[in-house]
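Q: Take this structure first; my questions come after.
The values are calculated or read from the model by the stated rules, or taken from the named source; none is laboratory data. Here the structure is a predicted model, which is why all the values come from computation and not from measurement. Cβ atoms come from the backbone with ideal geometry, glycine included; neighbour counts cover every protein chain shown. Just the protein is used for accessible areas: all its heavy atoms, side chains included, with ligands, DNA and RNA removed. Shrake-Rupley method; radii C 1.70, N 1.55, O 1.52, S 1.80 Å.
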Amino acid sequence: ADGLAAYAGQPAEATSAPVESVVSDEGFWVGNSTEDRVFVRLLTGGAESPVQVVAGRPISFSGTVTANPPDVETAFGVAAAEGAALLAQQGHHIEVPAAELRQG
């Protein structure tokens, strides 16, 4: 992806999207490869997520394409080996309220 700015503020829906990798309890990548993926930030309001996200399993959700914070790698805990450069390059991620996340 060369950036997601054109989609800022737009709804994002996924049905049985492959979870490429999991960075943290609130952050994971969906897509088909380390080059073809989008970061998803789970909004939990400080509570535990109702769904445990597992790499390799499909996930469905409704969210919003949102601009990254200036220090996205630190704010989201994404290390270089976990795709920090791609996340910064894309400039945006998908924010998903925990209630909108479903397995499968």
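Q: Enter the accessible area per residue of the chain (Å², integer; probe 1.4 Å; all protein chains in place).
A: Accessible surface, normalised per residue, equals 52 Å².
Q: Related question: Explain nothing, just compute: Karplus ³J(HN,Hα) = 6.51 cos²θ - 1.76 cosθ + 1.60, θ = phi - 60°, for every residue of region 57-64 in order, whole Hz, x for Gly and Pro.
A: So the J values, rounded to whole Hz, are 9, x, 9, 10, 6, 10, x, 9.
Q: If only Cα atoms are counted, what is the Rg of the chain, and what is its Dmax, in Å?
A: Spelled out, the Cα radius of gyration and Dmax of the chain are 12.3, 33 Å.
Q: Report, to the nearest whole %, how much of the accessible area of the chain belongs to carbon and sulfur atoms, 1.4 Å probe, protein only.
A: 51
Q: With +1 on the Cβ of every Lys and Arg and -1 on the Cβ of every Asp and Glu, and nothing else charged, how large is the dipole of the chain about its Cα centre, in debye rounded to the nearest 20?
A: Roughly 220 debye for the chain.
Q: At what distance in nm do the modelled label points of residue 32 and residue 52 sit from each other, each positioned 7 Å from its Cα along Cα→Cβ?
A: Placing both labels 7 Å along Cα→Cβ, they lie 3.0 nm apart.
Q: Counting only residues 5 or more places away or on other chains, whose amide H sits under 5 Å from the amide H of residue 23 once H atoms are built in the peptide plane?
A: Amide H neighbours of residue 23: 28, 29.
Q: What does the C-alpha gyration tensor say about the overall shape of region 1-56? Classify as rounded when a/c is under 1.5, otherwise prolate if a/b is larger than b/c, or oblate.
A: On the way: a/c = 1.96, a/b = 1.27, b/c = 1.54.
Verdict is oblate for region 1-56.
Q: What ranking do 89-102, 6-19 get when scored by the average of other Cβ atoms within 10 Å per residue, highest first?
A: Sorting 89-102, 6-19 by mean packing, highest first, produces 89-102, 6-19.
Q: Now, a different point. Placing +1 on the Cβ of each Lys and Arg and -1 on the Cβ of each Asp and Glu in the chain, which of 81, 45, 70 has its Cα farthest towards the positive end of the resulting dipole?
A: Looking along the dipole axis, the top candidate is 45.
Q: Additional query: Once you place label points 7 Å from the Cα toward the Cβ at residue 88 and residue 25, how far apart are they in nm?
A: Here the modelled spin labels are 2.8 nm apart.
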